[in-house]
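**Student:** Below: one structure in structure tokens.
The values are calculated or read from the model by the stated rules, or taken from the named source; none is laboratory data. Predicted model, so just to flag it, every value in this text is computed and none were measured. Neighbour counts are summed over all protein chains in view; Cβ atoms, including those assigned to glycine, are modelled from backbone coordinates with ideal geometry.
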Amino acid sequence: MRSTKSGKTVSSHIERRILLIRGQKAMLDTDLADLYGVPTKALNQAVRRNRHRFPTDFMFRLTEDEKAEVVTVCDHLQKLKFSPVLPNAFTEHGAVMLASVLNSKKAVQISVYVVRAFVKLRQILSSHPEVAKKISELERTVASHDVGIQRLFGGVGQLMVAPGDKRHRIGFQP
């Protein structure tokens, strides 16, 4: 990842990695490890050694469902699909705290870009509250559509039974 004089390449790369999880803007441990130039395992070890620096509003662990959703939505996270470990998500404050825990020159430099990316997204959403409202509505709509689509596939599957396979069954049928 190269940065231009203004840092636009780094900032845009970071902005694409910020996800909306549980109504909060957050970055996953794997993305932050990549940015800070350390293995994800080393990053998480540093967090465990300094757990007192990461309250729940700085960092939280994704659930299985949340992990599946981010893997589905983000192509670059396909490697998480088969990982048995649930990833950690860091809010803006957690990402900055992480830079201080890692204590490397690169981590400090990148943390500036991370903060700027979070601030930029906050400004965009606050200057366009109707956009934020629409995004929330879309998230709720998509969740309700998922249930409807699953029901539709179930119904189609039942209709796809070949005519010769239909037998009159004896006994109670729900």
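Matching residues to (1) surrounded by fewer than 20 Cβ atoms within 10 Å (Cβ to Cβ); (2) more than 16 Å from GLN24 (Cα to Cα); (3) basic (Lys, Arg):
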| residue | (1), (2), (3) |
| --- | --- |
| HIS52 | yes, yes, no |
| ASP57 | yes, no, no |
| ARG61 | yes, no, yes |
| LEU77 | yes, yes, no |
| LYS81 | yes, yes, yes |
| PRO84 | yes, yes, no |
| ALA89 | no, no, no |
| VAL96 | yes, no, no |
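**Student:** Looking at ARG53, ARG49, ARG22, which one is among the basic types (Lys, Arg) and under 20 Å from ALA117 (Cβ atoms)?
**Tutor:** ARG22
**Student:** Consider only pairs whose beta carbons are under 9 Å apart and that are at least six residues apart or on different chains; among these, list those whose first residue lies in region 46-58 and is in contact (Cβ under 8 Å) with a residue 12 or more places away in the chain and farther than 20 Å from SER104 by Cβ and whose second residue is small (Gly, Ala, Ser) and not in a loop (DSSP other than H, G, I, E, B).
**Tutor:** ASP57/GLY94
**Student:** Sticking with this structure for a sec: If LYS105 meets every condition in (1) in contact with a Leu (Cβ under 9 Å, 6 or more places away or on another chain); (2) surrounded by fewer than 20 Cβ atoms within 10 Å (Cβ to Cβ) apart from one, which number is that one?
**Tutor:** Single failed check for LYS105: (1).
**Student:** Check region 86-94 and report whether any residue there is within 23 Å of ILE124 (Cβ to Cβ) and part of a strand (DSSP E or B).
**Tutor:** Scanning region 86-94 turns up at least one residue that is within 23 Å of ILE124 (Cβ to Cβ) and part of a strand (DSSP E or B).
**Student:** Here is a check on your reading of the model: is ASP65 within 21 Å of ARG116 (Cβ to Cβ), modelled with pLDDT of 85 or more and not in a loop (DSSP other than H, G, I, E, B)?
**Tutor:** For ASP65, the condition - within 21 Å of ARG116 (Cβ to Cβ), modelled with pLDDT of 85 or more and not in a loop (DSSP other than H, G, I, E, B) - is not met.
**Student:** When you go through LYS67, LYS105, LYS81, LYS41 one by one, which is the residue that is under 11 Å from the mean Cα position of the chain (by Cα) and either over 28 Å from ARG140 (Cα atoms) or of a type outside the set (Ser, Thr, Tyr) (or both)?
**Tutor:** LYS67
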